[in-house]
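Worksheet: the structure to be examined is printed underneath.
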Amino acid sequence: MAGAIPFLPAGTTLPPLPYLVAVLLAAGAVGAALRRRSPRVTARHVLALAPWMALGSAAHVLYVVDALPPALAPLAGSPTVYLTVGSLAGAAWLAGAELRAERVPTLVAVAGALCLLPVVAVAVGTGLSPVGARWSTVALALALPVAGAAWVGLTRLRPEAAVTGEVGALAVFGHALDGVSTAVGTAQLGFGERTPLSRILLGFDWIPPVPVLGEGWVFLLVKLAVASAVVWLFAAYVRDRPAEGYLLLGFVAAMGLGPAAHNLLLFSVAA
């Protein structure tokens with residue numbers, strides 16, 4: 001495994017060259033096939049990718065706790081795991097389109113869930129932390145009303161954002177869950193943040209703490225503000241070019257939901 005890459009989040013590494021070449025070739029082949037076929041893209045298609053977003057994070061947790069076979073471990077490092085899982089998700093999309101195009105979202109979501117469940121089971125099988133699992137549950141329970149309030153506030157303040165629909169709501173929820181889980185992990189479980197900017201936001205000693213979230217409530221507010229602003233800015237794009245707009249907004253959602261899923265599972269097995 002190559003060493004850490006400077007100026008990037010802690011834990012960012014590149015796999016050995018043969019693995020890197022294989023992953024890049026697979027991602028390129030799947031990307032080319034999707035571009036050539038140009039499948040239909042709707043909000044349902046993007047929502048169907050949610051299990052795959054969580055899968056990448058769950059696989060990386062196995063990498064972190066050293067629960068993967070040596071032959072598979074290089075495929076689950078960061079950022080390689082995103083290309084690995086993206087290639088698998090794209091292949092599932094292509095396979096679904098070959099079978100029954102109208103059922104692609106269902107087939108993609110089911111395939112992602114079937115891949116996700118055993119990975120989570122293996123992670124839990126390494127040893128469940130009752131304290132970590134409890135705080136993960138608290139973070140999820142708290143993120144739901146926070147995300148709901150943020151979405152309602154956004155669509156009332158900027159009604160045009162409602163055109164992003166479920167994908168926009170997923171983006172807000174993903175970043176709300178990431179913000180809440182990061183704050184909870186820092187304040188209650190002693191976990192650190194790997195991203196440099198996030199460490200700065202979580203490191204202000206002068207910020208008054210609040211129950212459960214500690215000083216991390218500022219980090220959560222920043223996450224919600226940025227996610228809401230991005231969803232609002234994408235509203236016109238989704239309205240005018242829905243296929244591209246939904247895909248890009250789905251990427252924004254993955255940037256929140258993926259790290260959030262990673263936090264919840266890692267806390268549950270490593271706290």
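Just so you know, all these numbers are worked out from the coordinates, no wet-lab data involved. The structure displayed is predicted, hence computed values, not measured ones. FYI the Cβ positions are ideal-geometry reconstructions off the backbone, even for glycines, and counts take in every protein chain you see.
Set the Förster radius R0 to 22 Å, insert the Cβ-Cβ distance between R40 and T106 as r into 1/(1 + (r/R0)^6), and round the FRET efficiency to 0.05.
0.95
Using amide H atoms built 1.01 Å from N in the peptide plane, name the residues 5+ places from L72, or on other chains, whose amide H lies under 5 Å from its own.
none
Find the percent of Cα-Cα distances in region 79-160 that exceed 21 Å, and round it to a whole number.
60
Remind me, relative contact order of the chain in percent, using alpha carbon pairs under 8 angstrom and six or more residues apart?
Worked out over the chain, it gives 27 percent.
Which order, highest average first, do 222-230, 177-185, 139-147, 253-261 follow once you tally other Cβ atoms within 10 Å for each residue and take the mean per peptide?
Top of the packing list down: 177-185, 253-261, 222-230, 139-147.
Say the dipole of region 13-126 comes from +1 at the beta carbon of Lys and Arg and -1 at that of Asp and Glu; which of G56, V23, W93 then lies farthest toward its positive end?
Checking the options against the dipole of region 13-126, the answer is W93.
Counting Lys +1, Arg +1, Asp -1, Glu -1, what net charge surrounds E102 among other residues with beta carbon under 13 Å of its beta carbon?
Spelling it out: positives minus negatives among the neighbours equals +3.
Given the rule -39500 (n - 2.57) for each run of at least 4 DSSP H residues, summed and divided by the residues of the chain, what is its mean residue ellipticity at 222 nm, to the nearest 500 deg cm²/dmol?
The helix contribution divided over the chain gives -24500 deg cm²/dmol.
For T12, enumerate residues with amide H under 5 Å from its amide H, sequence gap 5+ or separate chain, H modeled in the peptide plane.
Hits under the 5 Å cutoff: I5.
Arrange the following residues from fewest to most other Cβ atoms within 10 Å of their Cβ: H262, H175.
Ranking H262, H175 by Cβ neighbours within 10 Å, fewest first, gives H262, H175.
Can you sort R100, R134 by how many other beta carbons sit within 10 Å, fewest first?
R100, R134
With just the Cα atoms defining each centre, how far is region 152-181 from region 219-271? Give it in Å.
9
Helices from the chain with mean Kyte-Doolittle at least 1.0 and a Cα length along the axis of 15 Å or more, per DSSP H: which?
Helices meeting the span and hydropathy rule in the chain are 17-37, 50-64, 80-99, 104-125, 130-157, 217-240, 242-270.
Across 5 Å bins from the origin, how do the percents of Cα pairs in the chain run, short distances first?
1, 6, 12, 15, 18, 17, 15, 10, 4, 1, 0, 0
Return a whole-number percent for the relative contact order of region 128-271, with Cα pairs under 8 Å and 6 or more residues apart as the contact set.
Worked out over region 128-271, it gives 42 percent.
Picking from A236, V184, A147, whose Cα lies most toward the positive end of the charge dipole for the chain (charges on Cβ: Lys, Arg +1; Asp, Glu -1)?
Checked the options; the winner is A236.
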